[in-house]
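Engineer: Take this structure, written in structure tokens, and hold onto it; I'll ask about it next.
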Amino acid sequence: PSTNRPPVANPDSGVVEQWDSITIPVLANDTDPDGDTLSVISATYNSTFVQVTRVQAVANGPFIYLDVIGITQGVTRINYTVSDGRGGQAVGAVDVTITRGAGLQ
């Protein structure tokens, strides 16, 4: 039997305005050396600088969904775990820049 090699999660980034949401296709640049189909199984963030109401891995999909609330601007990092469905996992990072929304002071 062949050995399952873990996937490779490459860095991602996105830009979203305050009081808005963004869907980031994090698996678009991730790979699996065995050719296995990848899915995002979790996503978390830890930031006191940016207010985020929800970080969600879309059920076994290739996306992370992010809701942003508040007036804080800056960059927050989201960590996500990608799985190849055969026990291989990797952790990737997404840096999301939150900008001043149109019409906001």
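Where a number appears in this text, it was derived from the coordinates with a stated rule and is not lab data. Not measured: the values here are computed from a predicted model. A quick note on method: Cβ atoms are made from the backbone with ideal geometry, for glycine too, and the neighbour counts reach across all protein chains shown.
Engineer: Search the structure for amide H atoms under 5 Å from the amide H of VAL75, placed 1.01 Å from N in the peptide plane, and list their residues when 5 or more places away or on another chain.
Structural biologist: Long-range HN contacts for VAL75: ILE98.
Engineer: Another question, if that's okay. Check which residues have an amide H placed less than 5 Å from ASN10's amide H, if you skip close sequence neighbours.
Structural biologist: Here ASP30, THR31 satisfy the definition.
Engineer: So, one more: Among 24-32, 11-19, how do they line up by average Cβ neighbours within 10 Å per residue, starting with the highest?
Structural biologist: 24-32, 11-19
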